[in-house]
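For reference, the structure is listed below as structure tokens.
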């Protein structure tokens, strides 16, 4: 969904609107404490894809318990959200190394989401809204990266325009 890791960890089950198929981004969770989200633009409802809703419901049925009924991603031993560095070192890095990506952190997920939205031709304003950036320039100038295939295709279009195929 392109959330910041602090926002993912700040999710509570009461933030999920199952009927409306959306998630409310209302708080963050940093250094063991709930707090405000990064900017006013960050605090909003985000659409929830049906496939993701299904996975989230499965997660809820599997991990929610009376001792752990509030936080979406809580450590079963403490009932509080995990520390991002623990998740990164114990699950994220090993998974990335297993598939050949190498060491990875949290922030590349936001860049990837922005770049994928762009590659799919999603309107720039929608990209900004989905990433919840206060300024559209942040979305375009920092988060969105051109896909190599798109660069090659654009370059080839210009070459074909300037150097048309030779008639035999």
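The values are calculated or read from the model by the stated rules, or taken from the named source; none is laboratory data. Since the model is a prediction, treat every value here as computed from it, not as a measurement. Every residue, glycine among them, receives a Cβ derived from its backbone with ideal geometry; neighbour counts consider all protein chains shown.
For the range 67-77, indicate whether the set of residues that are closer than 29 Å to residue 147 by Cβ, at pLDDT below 95 and either surrounded by 12 or more Cβ atoms within 10 Å (Cβ to Cβ) or out of contact with any helix residue (DSSP H, G or I) (no Cβ under 7 Å at 6 or more places or on another chain) (or both) is non-empty.
Filtering the range 67-77 down to residues closer than 29 Å to residue 147 by Cβ leaves none.
Among the residues of the range 67-77, not one is closer than 29 Å to residue 147 by Cβ, at pLDDT below 95 and either surrounded by 12 or more Cβ atoms within 10 Å (Cβ to Cβ) or out of contact with any helix residue (DSSP H, G or I) (no Cβ under 7 Å at 6 or more places or on another chain) (or both), which makes the answer no.
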Could you grab me the full set of residues in the range 105-126 that are farther than 15 Å from residue 4 by Cα and in contact (Cβ under 8 Å) with a residue 12 or more places away in the chain?
115, 117, 118, 119, 124
All but one of (1) surrounded by 13 or more Cβ atoms within 10 Å (Cβ to Cβ); (2) out of contact with any strand residue (DSSP E or B) (no Cβ under 7 Å at 6 or more places or on another chain); (3) modelled with pLDDT of 95 or more hold for residue 60; which doesn't?
(3)
Can you list the helices (runs of 4 or more DSSP H) lying wholly within the range 80-168 that have 1 or more residues being surrounded by fewer than 13 Cβ atoms within 10 Å (Cβ to Cβ) and within 16 Å of the chain's Cα centre (by Cα)?
108-119, 124-131
In the range 30-47, what residues are touching a strand residue (DSSP E or B) at 6+ places or on another chain (Cβ under 6 Å) and over 26 Å from residue 115 (Cα atoms)?
35
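Name the residue that is nearest to residue 8 (Cα to Cα), counting only residues in the range 36-79 that are assigned to a helix (DSSP H, G or I) and touching a residue at least 60 places away in the same chain (Cβ under 8 Å). If you could, list the steps in order and put the result at the bottom.
Kept after step one, since they are assigned to a helix (DSSP H, G or I), are these residues of the range 36-79: 40-42, 50-63.
Okay, now just the ones that are also touching a residue at least 60 places away in the same chain (Cβ under 8 Å), so 40-42.
Details: 40: 17, 41: 16, 42: 12 Å.
Looking at residues that are assigned to a helix (DSSP H, G or I) and touching a residue at least 60 places away in the same chain (Cβ under 8 Å), I get 42.
For the range 71-101, give me each residue that is touching a strand residue (DSSP E or B) at 6+ places or on another chain (Cβ under 8 Å) and on the phi < 0 side of the Ramachandran plot.
Step one: of the range 71-101, the residues touching a strand residue (DSSP E or B) at 6+ places or on another chain (Cβ under 8 Å) are 71-76, 79-82.
Matches in the range 71-101: 71, 72, 73, 74, 75, 76, 80, 81, 82.
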(1) under 21 Å from residue 33 (Cβ atoms); (2) in contact with a helix residue (DSSP H, G or I) (Cβ under 8 Å, 6 or more places away or on another chain); (3) at pLDDT below 90 all hold for residue 81 apart from (3)
Restricted to the range 1-29, and to residues that are part of a strand (DSSP E or B) and surrounded by fewer than 17 Cβ atoms within 10 Å (Cβ to Cβ), which residue is farthest from the chain's Cα centre (by Cα)?
17
